[in-house]
Amino acid sequence: MTETVPAAAILKRNYLFRGLPETTIERVAALAVRRHYIKGEVIFAQGDRGDALYAVASGRVRISAMGAGGQEVFLSIMEPGDTFGEIAVMDGLPRTAGATALDATRLLVINHLDFLRLLEQEPRLATHLLKLMCTRLRWTSELVEESAFLAGPARLAKRLLVLASLHGRPTQPSQLELRISQAELAHFLGISRQIVNQHLREWQKHRWVELRRGRITIRDRDALRAFIARSETHAPD
């Protein structure tokens, strides 16, 4: 099914291209080639040359980085309509993180040099890309802030809210379902799955969340926000 969807239709779903003239999106789409990846396949590794921009047509992609001690840290999960690889494709420097297919995944791939040439011809596209860079910078700042100031349970609550706002699927009014395993969530935070499960089970008792295999539904975002605020209030100076 995905193979028959035009590349322009896939790119329109991403806010990097949303709102641009049809002609501009078609020009971007004309640069794209399709690639298939099996579950667990490495798309690119941290340190690889930044030679392409990627857009997810179907499946999911995990973005992660290796710390100085060799520990893998999960940064984000890309889903259909998301793009990744923007920073390296702009400066051509080595990738700051790696990307791995979480499922059977189809990507649109746009070559680094082709994309730069198009940016020179399309100023509005360049502006959209700048907005995306700012969003990613804010995301990185939030990660640093979490690690520095929030205790483990509050970090988990905040990460759940951020991931749900980016990738959650609305179910009932005010509820968001996030397709993520507890093991993946533990990797995001650099803590054990047992600790994640302990906190989630407690929140499920309060009806803040609902747990299903490979999915977490946030039922009460306000309660999680209040929990984070209390943690910040009682944090040591």
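Rounded, prolate or oblate: pick one for region 1-120, where a ≥ b ≥ c are the square roots of the eigenvalues of its C-alpha gyration tensor, a/c under 1.5 means rounded, and failing that, prolate if a/b is larger than b/c, else oblate.
Working: a/c = 2.16, a/b = 1.40, b/c = 1.54.
The shape class here is oblate.
With a ≥ b ≥ c the root eigenvalues of the C-alpha gyration tensor of region 159-233, is it rounded (a/c under 1.5), prolate (a/b larger than b/c) or oblate? Don't skip to the end; give the middle numbers.
Details: a/c = 1.40, a/b = 1.05, b/c = 1.33.
The shape class here is rounded.
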How many angstrom lie between the Cα centre of region 17-77 and the Cα centre of region 185-231? 28 Å
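Mind checking the dipole of the chain: about its Cα centre, +1 per Lys or Arg Cβ, -1 per Asp or Glu Cβ, Debye to the nearest 20? Mind dumping the intermediate values first?
On the way: 33 positive and 26 negative charges, 158 e Å.
That gives the chain a dipole magnitude of about 760 debye.
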Rounded to the nearest 500 deg cm²/dmol, what is the calculated helix-only ellipticity per residue at 222 nm for the chain, with -39500 (n - 2.57) per DSSP H run of length n ≥ 4? -14500 deg cm²/dmol
When GLU22, GLU210 are ranked with the fewest other C-beta atoms within 10 Å first, the list becomes GLU22, GLU210
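Once you have a ≥ b ≥ c as the square roots of the Cα gyration tensor eigenvalues for region 55-120, tell me rounded if a/c is under 1.5, and otherwise prolate or oblate according to whether a/b is larger than b/c. Before the final figure, lay out each step's value.
Working: a/c = 2.96, a/b = 1.25, b/c = 2.38.
It is oblate, given that a/c is not under 1.5 and a/b is not larger than b/c.
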Residue farthest toward the positive end of the dipole of the chain, with Cβ of Lys/Arg at +1 and Asp/Glu at -1: which of ALA57, GLY92, LEU129? ALA57
Cβ charges +1 (Lys, Arg) and -1 (Asp, Glu), total dipole of region 150-233, debye: 160 debye
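Every number in this text was worked out from the coordinates using simple rules, so none of it is lab data. Bear in mind that the values here come from a model prediction, so they are computed numbers and not experimental data. All Cβ positions, even for glycine, are placed from backbone atoms using ideal geometry, and neighbour counts span all protein chains on display.
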